[in-house]
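Accompanying notes for the structure given below.
The values are calculated or read from the model by the stated rules, or taken from the named source; none is laboratory data. Since the structure is predicted, the reported quantities are computational estimates derived from the model, not experimental observations. Here the Cβ positions follow ideal geometry from the backbone for every residue, glycine too, while neighbour counts run over all protein chains shown.
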Amino acid sequence: GIQVEQSPPDLILQEGANSTLRCNFSDSVNNLQWFHQNPWGQLINLFYIPSGTKQNGRLSATTVATERYSLLYISSSQTTDSGVYFCAVEGSGGSNYKLTFGKGTLLTVNP
Amino acid sequence: DSGVTQTPKHLITATGQRVTLRCSPRSGDLSVYWYQQSLDQGLQFLIQYYNGEERAKGNILERFSAQQFPDLHSELNLSSLELGDSALYFCASSLLAGSTYNEQFFGPGTRLTVL
């Protein structure tokens, strides 16, 4: 099946700093989503981005499907950005529409 | 709020028992997915239903079963529970299956603790 690798596994920032999280995937995809899992365990949709670039406030994401990677940018980080960021993909082969998740990046933003 | 609801939020039970987790998808969504998040396995896909029919199976144990009802809500049944079944169980929904647009929205999860 499709493999998803996220880096870095852990990231510690001071409030106000910027960061880039990376997601590499092993095959072509129909769907790529970024999620934030907050300390209460909720998975919050950040972006649906199988290709191209999107922005939402301080967050933006870019997926280069031909090179099989996606980047999530967080600017001017805040303590509320802390949590785990997951990249998840749906491979383009077959009829299985499941999401395959990476192991996540644990982000800690200190005041 | 994603619009996907799950009950209960927390469940504590004993080994050998059986539990049922419930999920209501977002209004208009026809697909329901179940995922399990455990410390050792991460987030894993269990099973998908589309408009009442099973569409795909992932790493779902034989002790687990699911169904989607005519009103599109879904239930995940876990039986003969073991300590290793303790995990966060998520339900997700999407509009369609087989579409190029298939964004999945996740519910708040049910945290299962098996003692």
- request: Collect the residues in the range B:1-31 that are closer than 23 Å to B:Leu81 by Cα, in a strand (DSSP E or B) and within 15 Å of the chain's Cα centre (by Cα), keeping them in residue-number order.
  value: B:Gln6, B:Thr7, B:His10, B:Leu11, B:Val19, B:Thr20, B:Leu21, B:Arg22, B:Cys23
message: Pairs please, first residue from the range B:19-39 and among the small types (Gly, Ala, Ser), second anywhere and at pLDDT below 95, Cβ atoms under 6 Å, 6+ apart in sequence or on different chains.
response: B:Ser31/B:Tyr50; B:Ser31/B:Ser94; B:Ser31/B:Ala97
message: Of all residues being aliphatic (A, V, I, L, M) and at pLDDT below 95 in the range B:81-115, which is surrounded by the most Cβ atoms within 10 Å (Cβ to Cβ)? Just the residue, please.
response: B:Ala97
message: If I ask for residues that are away from chain A (no Cβ under 14 Å) and of a type in the set (A, V, I, L, M), which ones from the range B:15-59 would you list?
response: B:Val19, B:Leu21
task: Restricting attention to strands (runs of 3 or more DSSP E) lying wholly within the range A:47-111, give those where 2 or more residues are more than 13 Å from the chain's Cα centre (by Cα), within 13 Å of chain B (Cβ to nearest Cβ) and closer than 25 Å to B:Asn102 by Cα.
output: A:83-91
message: Out of the residues in the range A:1-46 meeting the condition of being under 26 Å from A:Gln78 (Cα atoms) and among the small types (Gly, Ala, Ser), tell me which one is nearest to the other protein chains (Cβ to nearest Cβ).
response: A:Gly41
The lone exception for B:Gly52 - which of (1) within 22 Å of A:Trp40 (Cα to Cα); (2) of a type outside the set (A, V, I, L, M, F, W, C); (3) touching a Pro at 6+ places or on another chain (Cβ under 9 Å) it fails: (1)
